Amino acid sequence: MFLTRIVLLLLAFVLVGGAQDVSRKSRNVEQLYQSVVAQRGLDLFDGEWAKTDKIEIRDTKNGYLKITGGIDGWLEVALFRKKDRSPVLVIGVTGCGPACGTELHAFEFKNGNAENVSEKLFPRFFENEIDNKLYRRTGKKEDYYGDILDVLPRKGTTIKTVLEDENDVLYEIEWKNDIFEIKRNVSDLYSVFPGNLLNPENGRKGKVIIEDTKNGYLKLRIPTATVDAALFRKKDGSPVLFVVENYCGTGRCVTGEMEIRELVGGKWIDITAEVLPKGLTEKRIHAKSDFAAKHGYQYKVPRKGRTVRIVEGDDGKTIYRLDWKNEKFVVR
C-alpha cells in the first residue's frame, strides 16, 4: 500500500512536471496549437474542426503553421517567446466574405492549460486610425472594401498589417518586452495626436510639405500657419512627439503653440513642463534677444539630430539650443 502511494505520487509529479515542461520549454508549435484546439480555446474549434482542418505548412523549426480547410479562409499560427522562455502562441484567423479580414488571438500556457491573453498582449489602434491612414494614402474619404490582413511571421517576431498584397504594409506590430507594440512612424503618430491637421474631420486640414519618416520629421502648412513635428524616443523606445505651430500673419512666423507628448498605453500624456528646462520662460528668451522681444521667436524642431533651436524670427540667430539628453531637453 505504501509503495503504491509512492508510485502514484511519482506519477503525478511526472505528469505535472511534464505539463509545465510543455508550457515553458516546448518549441513544438503544433503541439501547443493542438492543445488550444483540444481545449476549444476558440469558438471555431468545435468537435468537427479536427475532421476538416489541414496543415498546409508545418515549420516547427521556426514555430509556424498555416492551416486551411476548416473555414472559408485560413489560419496562421506562430510561436513567440517571453523573456523567461515561456511560450506565447498567436493564432491569426482570416475569414473571407466579400473581403478577407484577420482576427488575432494570443494564448499563454499555465500547467498545461491554454489561457487567452489577447486583451493583455495586443495593442489597440486609435479610433479611425486605419481609416485615416488609408485617407492619407488615397486622398479620398471613402470606406475601404478590400482585404486588410494580419500576416504572422514564419521567421522573425513582427506581425504585419497589410492591404491585399503582403508587400503593401500598413503597420508592423512588434513583439517587444513580452507584449506586442504597433510600430508607428512620425506621420502615424502625428495623425493620432490631439488636434492634428491630418484628421479629415479637422476643418483646418493641413497640406504635407515634408514627410521624412526615416528621420522622424513632418512639416505641414495651412493658410495662416505651419506645423512641425519631430519624433524623439525615451530609453525604453516609447515615442515622444514635439509639435510646434508657427503663426504667420505679419510677414514673419512666430511660435504660437507648442506641445510635447508621450504615448503611454495608448494615451497621449502632456510632458511639456516635465521635459523642458526649468525657468526657460518667454521673459528669459526676451531678455537674451531684443529681436525676439520685438518681433518674436520660433522653436525649430530638428529634421536630423536631437537638438531643438529657439531662433529669432523665422530662422535667424539662435537664442538657445536644447539637446535631448537623458529623456529631457537641456540647454547646451
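Each reported figure results from applying straightforward, stated rules to the coordinates on display, with no laboratory input. All of these numbers come straight from a predicted model, not from anything done at the bench. Cβ coordinates were reconstructed from backbone atoms using ideal geometry, including for glycine residues, and neighbour counts include every protein chain displayed.
A cut-off of 5 Å between modelled amide H atoms, ignoring neighbours fewer than 5 places along the same chain, links Lys183 with Glu172, Ile173, Glu174. Scalar couplings 3J(HN,Hα) for segment 85-98, obtained by applying the Karplus form with A = 6.51, B = -1.76, C = 1.60 to θ = phi - 60°, are 6, 5, x, 10, 9, 10, 10, x, 9, 9, x, 10, x, x Hz; x denotes Gly and Pro.
When peptides 210-216, 241-247, 49-55, 30-36 are ranked by their average number of other Cβ atoms within 10 Å per residue, the highest-first order is 241-247, 30-36, 210-216, 49-55.
Relative to the Cα centre, the charge distribution of the chain, modelled as +1 at Lys and Arg Cβ and -1 at Asp and Glu Cβ, gives a dipole magnitude of about 1840 debye. Residues whose amide H falls under 5 Å from that of Gly70, counting only those 5 or more places apart or on a different chain, are Lys54, with hydrogens built in the peptide plane. Between the listed residues Tyr135, Asn116, Ile148, the Cα displaced farthest toward the positive end of the dipole of segment 13-183, a dipole computed from Cβ unit charges relative to the Cα centre, is found at Asn116.
Ordering Pro87, Phe193, Ala230 by Cα displacement along the dipole of the chain toward the positive end leaves Ala230 in first place; charges were set at the Cβ atoms of Lys, Arg (+1) and Asp, Glu (-1). Karplus-based coupling profile of segment 216-225, in residue order and whole Hz: x, 9, 9, 10, 10, 9, 10, x, 10, 7, with θ = phi - 60° in 6.51 cos²θ - 1.76 cosθ + 1.60 and x standing for Gly or Pro.
The gain in end-to-end length when the Glu211 to Lys155 segment is fully stretched comes to 17.1 nm, 0.36 nm per residue minus the alpha carbon separation. Note on Thr138/Gln31: beta-carbon distance plugged into 1/(1 + (r/R0)^6) with R0 of 56 Å gives a FRET efficiency of 0.80. Across all C-alpha atoms in the chain, the radius of gyration and Dmax reach 26.4, 99 Å. For segment 45-50, backbone phi angles converted through the Karplus equation (6.51, -1.76, 1.60; θ = phi - 60°) give residue-by-residue couplings of 7, 8, x, 8, 4, 5 Hz, Gly and Pro being listed as x. Between the amide H of Asp147 and those of Cys100, Glu164, distances stay under 5 Å, these residues lying 5 or more places away or on another chain, with hydrogens modeled in the peptide plane.
The residue list Phe291, Phe180, Cys253 was ranked by how far each Cα lies along the charge dipole of the chain toward its positive end, using unit charges on Cβ atoms, and Phe291 comes out on top. Which net charge results when you count Lys and Arg as +1 and Asp and Glu as -1 among the other residues whose beta-carbon is under 10 Å from that of Tyr217? Residues close to Tyr217 contribute a combined charge of +1.
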